[in-house]
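The values are calculated or read from the model by the stated rules, or taken from the named source; none is laboratory data. The shown structure was predicted, so the numbers you read here are calculated from the model rather than taken from an experiment. In this analysis, Cβ positions are derived from the backbone assuming ideal geometry, glycine residues included, and neighbour counts consider all displayed protein chains. Accessible surface areas use protein heavy atoms only, side chains included; no ligands, DNA or RNA. Shrake-Rupley method; radii C 1.70, N 1.55, O 1.52, S 1.80 Å.
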Amino acid sequence: MSVIALVPAAGQGVRLGVGRPKAFVELGGRTLLEHAVAGLRASEVVDTVVVIVPDQLVVAAVRLVPDALVVAGGAERTDSVRLGLSAAGCADDDLVLVHDAARPLTPVAVITRVVAALRAGAVAVVPALPVTDTVKRVCDDTVTGTVDRGELRAVQTPQGFVARVLLDAYSKADGAATDDAGLVERAGGTVVTVPGDPRALKITTPFDLAVAEALTGGHA
Ligand code: CTP
Ligand code: MG
């Protein structure tokens, strides 16, 4: 059974707002896409990497990550993952990691924890962190309740799956989801957590990029 990593990198990066797709923005001299792929390679548990990029950047991506299979993505993240899955041509018992290019500093230990949980028998695995802020439910700027944060987790990537389970979830998906495990949950699958890591932060806004730059000291 092979481990295949899909790297969705076909978003436009509207909230980062630097005028080019986020995966092609540099952090310490390397693009976010190169960081994400390098982390997967460094884990030494991934056999094949498939990166999914905007159509017009396929050639640029081949140059940046020559050891990966590069395919064009779609309008929504779900479309991009679906295209990556079909290009990967997984066997049912392969293991699939889905890892956002937007999480360039994900420690190798997070990647190996996800794969270890799959090898130990889980069919769907997400790295998760406790929520430290108090979380309120709000309607029209008025608080309507306080959520018990003890049962909340913020989840990261890579999310890992037995291929058969992810393919089944995507075949049943009727709309977009913000993560892949959400589709498995909707299809009735059991998703388990392993510890995430704050360094696996997702770069969404200019503030997040500044935090990542600070973490790398400018030379990641
Ligand atoms: N992604 C993708 N295809 C899309 C949309 C998103 O492959 N059609 C990828 C992004 O490139 C990113 C990951 O999914 O690595 C998480 O998405 P997000 O953080 O929302 O990135 P963007 O969509 O690029 O950002 P924004 O929503 O601000 O435009
Ligand atoms: Mg997006």
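Computed quantities for the displayed model
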{"quantity": "Selection from V51, A88, F161 lying farthest towards where the dipole of the chain points positive, charges on Cβ", "calculated": "V51"}
{"quantity": "Helical contribution to [θ] at 222 nm, DSSP H n ≥ 4, -39,500 (n - 2.57), averaged over the chain, rounded to 500", "calculated": "-9500 deg cm²/dmol"}
{"quantity": "DSSP-defined antiparallel bridges as percent of all bridges, the range 3-216, nearest 5", "calculated": "50 percent"}
{"quantity": "Mean projection area, nm², convex hull over Cα of the chain", "calculated": "12.7 nm²"}
{"quantity": "Highest-fluctuation residue, Q12, Q156, Q56 considered, GNM on the chain with Cα pairs under 10 Å", "calculated": "Q56"}
{"quantity": "Point-charge dipole on Cβ atoms (K/R +1, D/E -1) for the range 3-216, about Cα centre, debye to 20", "calculated": "260 debye"}
{"quantity": "Accessible-area ranking of L97, L83, L57, largest first, probe 1.4 Å", "calculated": "L83, L57, L97"}
{"quantity": "Taking the chain and dividing mean pair separation by its residue count, relative contact order in percent (alpha carbons under 8 Å, at least six apart)", "calculated": "25 percent"}
{"quantity": "Counted charge near T134, where neighbours are those whose Cβ lies closer than 12 Å (Asp, Glu -1; Lys, Arg +1)", "calculated": "+1"}
